[in-house]
Amino acid sequence: MSSTNLAGGGGGTASGGGGADGSNPRAQNTITSEYSTTAGTYSDTMSSINTLGSTSTLHAPVSSPIAAAAAASAALVAQLNPADRWPTEPSAYKLDESIGVGATATVFTAFCLPRNEKVAIKCINLEKCQTSVDELSHEIQAMSQCNHPNVVSYYTSFIAQEELWVVMRLLNCGSMLDILKRKVKAIGKEQAQFGVLDEVSIATVLREVLKGLEYFHLNGQIHRDIKAGNILLADDGTIQIADFGVSGWLASSGGDLSRQKVRHTFVGTPCWMAPEVMEQVQGYDFKADIWSLGILAIELATGTAPYHKYPPMKVLMLTLQNDPPTLETNAERKDQYKAYGKSFKTLIRDCLQKDPAKRPTASELLKYSFFKKAKDKKYLVHTLIENLASVPVVSHHSSKKVASGKLRKDAHGNWEFEYDSPQESDSDEDEEREKKKEKKEQAAAAAAAAAPAQAPEAGNQSSETLNMVLRVRNQQRELNDIKFDYTKSADTVEGIAHELVTAELIDCHDLVIVAANLQKLIDYAGSKSDRRSITFALNSGVHANEVPDERTLTGFAQISLLD
């Protein structure tokens, strides 16, 4: 399975920590035959959505993920009493604002018209998630069977065109990431440098998270993406784990939780990801969640995960090569986090053992002395809800694709890849980056104005810069958009293709074919051709279980000119 979640994932949550502008970017999930996004509104999209009356209404082969999701969802709905059933038609729900955007899915707040109730709906693009039929069915089954106070309630799911819509309970106080950002705003950045949440709040939250993880693990499931953005808070102080759609059945039948039952899929968010998940050598089991819990503990204390400033590949390298992170990993001065005691640091140390066998289980962790500090839900209502009620919600969501990025040249003329992955930074940091960008642009404009004017030679496009994008599937079979600029006087197609290989964005066997088609598109642009893109077969071919398909770019890639 790819890193796409079913009931959450990609940074999306079922929380109510809404989008900044309250807009509904529903049309961003509309897919054309070229897989480009189109403009429009939700109402524009509704007319082309197939509702799930039965799987026969779906124009997809039985073996496709779309048909599998439809069959699994319909089977679960049929098992419910009519009074317990939620509507399975898109028209029964009015989508509101986006509260989470990931690489392949978006979470919306919504209103269920027949039930007169607010919900969260996760809209997952099934083509992009590239989930196998069997695993998709298991994922839906896993969601429907989860019944625990510390796990977000799953209501129903159904197919809407190329998407799976998962309807869940809406927790209106947002995620713990929302709480962290509001807390920093409330106490100020200076004070927050010495710790964001107090030990009692952290112990109370982590205890509830561990209860949810204990339930998962005892039922043969791994969550695989534990982080503050996936821990939600209800207005009564209840803590619930979201994004459990990224979980997978660890054992084919309940009870067998041996180390022989392991996963081999690359799923999770790099900063919270266990080393064994990154390495993909021996596989991994539920102990991967324990590592992520240790990172979550650091995040709740310091406000950020270790290595959060680095791009994903750098995070993987640091996690595998360095000693396990500690509270001090985020520290910028001595004794910065002295407010946190030994029992808390022991918890973090034991969770972040590189050898999974040395990490305690969720049940064992619940017996740690640190959790003697934990209080009841009323404490969380007072400290995390009432005390922060006057602080505005800080939007941290991004509409950028996690797997996308740009090739850029540094000051020395060397190519480097810059990821577009959503950074969990606050609005002040975003504003600061925009100011720096604006200053650079102003300086460049001033330099250009001061330079003597030169009329371009007729037919000479040596200094022309073309904005281009390469769309290709990565090793997890997800579609990547890799954006870069090409200047004829400074760049070569071979150099760009080589950098794509070096950055592990394309297979080494595709270097020549990518360079050749890049040159072909450049020639089209030079001849003022109307052709804006080229789709071509890759030398690296397809995976064993795939069939080459130009339309879905399976075994193919596409290079396009951007306006």
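The values are calculated or read from the model by the stated rules, or taken from the named source; none is laboratory data. Everything numeric in this text was worked out from a predicted model, so none of it was measured. So basically every Cβ, Gly included, is an ideal-geometry build from the backbone, and we count neighbours across all protein chains shown.
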**Message:** Going by what's in this entry, would residue 161 be described as over 26 Å from residue 95 (Cα atoms) and surrounded by fewer than 23 Cβ atoms within 10 Å (Cβ to Cβ)?
**Reply:** no
**Extreme residue, nearest to the chain's Cα centre (by Cα), among residues of region 506-563 that are over 16 Å from residue 471 (Cα atoms) and of a type in the set (Gly, Ala, Ser)** = 544
**Request:** Report, by residue number, each residue of region 508-560 that is closer than 18 Å to residue 477 by Cβ and among the acidic types (Asp, Glu).
**Result:** 510, 546, 549, 550
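Would you be able to tell me the number of residues in region 278-297 that are aromatic (Phe, Trp, Tyr) and not in a helix (DSSP H, G or I)?
First pass over region 278-297, keeping only residues aromatic (Phe, Trp, Tyr): 284, 286, 291.
Within this subset, residues satisfying the condition of being not in a helix (DSSP H, G or I) are 284, 286.
Summing the residues that are aromatic (Phe, Trp, Tyr) and not in a helix (DSSP H, G or I) in region 278-297 gives 2.
Taking the criterion of being aromatic (Phe, Trp, Tyr) and touching a residue at least 40 places away in the same chain (Cβ under 8 Å), would at least one residue in region 371-380 satisfy it? Spell out the reasoning first.
Initial filter on region 371-380 (aromatic (Phe, Trp, Tyr)): 371, 379.
Cutting the leftovers down to touching a residue at least 40 places away in the same chain (Cβ under 8 Å) gives us 371, 379.
Within region 371-380, one or more residues are aromatic (Phe, Trp, Tyr) and touching a residue at least 40 places away in the same chain (Cβ under 8 Å).
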**Item:** Flag if residue 159 is at pLDDT 85 or above, assigned to a strand (DSSP E or B) and of a type outside the set (S, T, N, Q)
**Value:** yes
**Prompt:** Filtering region 167-185 down to residues that are in contact with a Gly (Cβ under 9 Å, 6 or more places away or on another chain) and of a type outside the set (A, V, I, L, M), which residue is surrounded by the fewest Cβ atoms within 10 Å (Cβ to Cβ)?
**Reply:** 172
**Flag for residue 400 being more than 25 Å from residue 207 (Cβ to Cβ), part of a loop (DSSP other than H, G, I, E, B) and at pLDDT below 95** = yes
**Request:** Inspect region 279-301 for any residue being modelled with pLDDT of 90 or more and touching an Asp or Glu at 6+ places or on another chain (Cβ under 7 Å) and give the result as yes or no.
**Result:** yes
**Request:** Tell me, yes or no, whether region 103-123 has at least one residue that is more than 21 Å from residue 219 (Cβ to Cβ), at pLDDT below 70 and either outside any strand (DSSP E or B) or not assigned by TED's automatic domain parsing to the domain that holds residue 242 (or both).
**Result:** yes
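Quick grid of which residues meet (1) among the aliphatic types (A, V, I, L, M); (2) at pLDDT 85 or above:
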site: 459; (1), (2): no, no
site: 494; (1), (2): no, no
site: 503; (1), (2): yes, no
site: 520; (1), (2): no, yes
site: 534; (1), (2): yes, yes
site: 548; (1), (2): no, yes
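Return the only residue of 347, 318 being farther than 26 Å from residue 179 by Cα, of a type in the set (A, V, I, L, M), out of contact with any strand residue (DSSP E or B) (no Cβ under 8 Å at 6 or more places or on another chain) and in a helix (DSSP H, G or I). Even if it seems obvious, please write down each step before you answer.
Details: 347 fails: farther than 26 Å from residue 179 by Cα.
None of the other options fit; the residue is 318.
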